[in-house]
Amino acid sequence: MAQDPLLYVLDLAASFMLAAAASCRARSGGAHFSGAAVLACLAGLAAPLLRESLLGHPVLALNRGDYLAISVAGSLIGVLAARSRHSWRAFYWLDSLGLSLAAAVAAVAGFFSGLGITGCLVLGVVSALAGGVVRDVALGDSARFVEEDLYATAAALGAMLTLAVLMYGGAAPWQGALAGCGLVLVLRGLRLRRGDMGPI
């Protein structure tokens, strides 16, 4: 992540969104502020920790304070979002943004680390799901990738598009990541339009 400043920003954005989604969900469910903040940090750090560990890279999320700081900031935004009448919709989009960014960034990281297409896809999906799984398990919820269609599938398709843009489009890493992120968000938007997700 350190080699490409723009991709690094997208990685931090993924942590921010996943942290915000976790604290929003926790506070909406009645969790104490401190508990929501801790959960937000765990969810925000999960994707970069898992991704870099699987790649065998130095784990920036532990070596630098940026990821923790951005996760704390995300937790505060999530707490504010939980106070809204439309907290379920805020959670949905925060989670979707985090999912999309984490999938795309991980696919790019795998590609430039020399992984094959299959390895990049697996890394993208696993990294994208990490924050949500941590959140859902901690809150006693069913994991969203098990209950929802166009969740893990959306992450996989986003990772695929990211790789296609990098391999055949000659795009910069951040451009490939944004393309994949955009596809995931479109798919998540379609999922939302198909029916009311209900209050969280």
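Odds and ends about this structure:
- In units of the rule-of-thumb radius 2.2 N^0.38 Å, the range 3-48 shows an alpha carbon radius of gyration of 1.27.
- Each label point was placed 7 Å from the Cα along the Cα-to-Cβ direction; for HIS57 and HIS86 their separation is 3.6 nm.
- Extension reserve of the ALA171-ARG64 stretch, reckoned as 0.36 nm per residue once the Cα distance is removed: 35.7 nm
- Taking 7 Å steps out from each Cα toward its Cβ at LEU76 and VAL9 produces label points 2.1 nm apart.
- Order of TYR8, TYR151 - criterion: other Cβ atoms within 10 Å of each residue's Cβ, fewest first: TYR8, TYR151
- When you filter the trypsin sites (Lys or Arg not before Pro) in the range 85-150 for DSSP loop state and at most 12 other Cβ atoms inside 10 Å of their Cβ, you are left with ARG85.
- Cα centroid separation - the range 127-200 against the range 10-51, whole Å: 16 Å
- For the chain, pairs of C-alpha atoms spaced more than 27 angstrom apart make up 22 percent of the total.
Read the figures in this text as sums done on the coordinates, not as results from a lab. What you see is a predicted model, and the numbers here were worked out from it, not measured in a lab. When we count neighbours, we look across all protein chains shown, and the Cβ atoms used for this are built from the backbone with ideal geometry, even at glycine.
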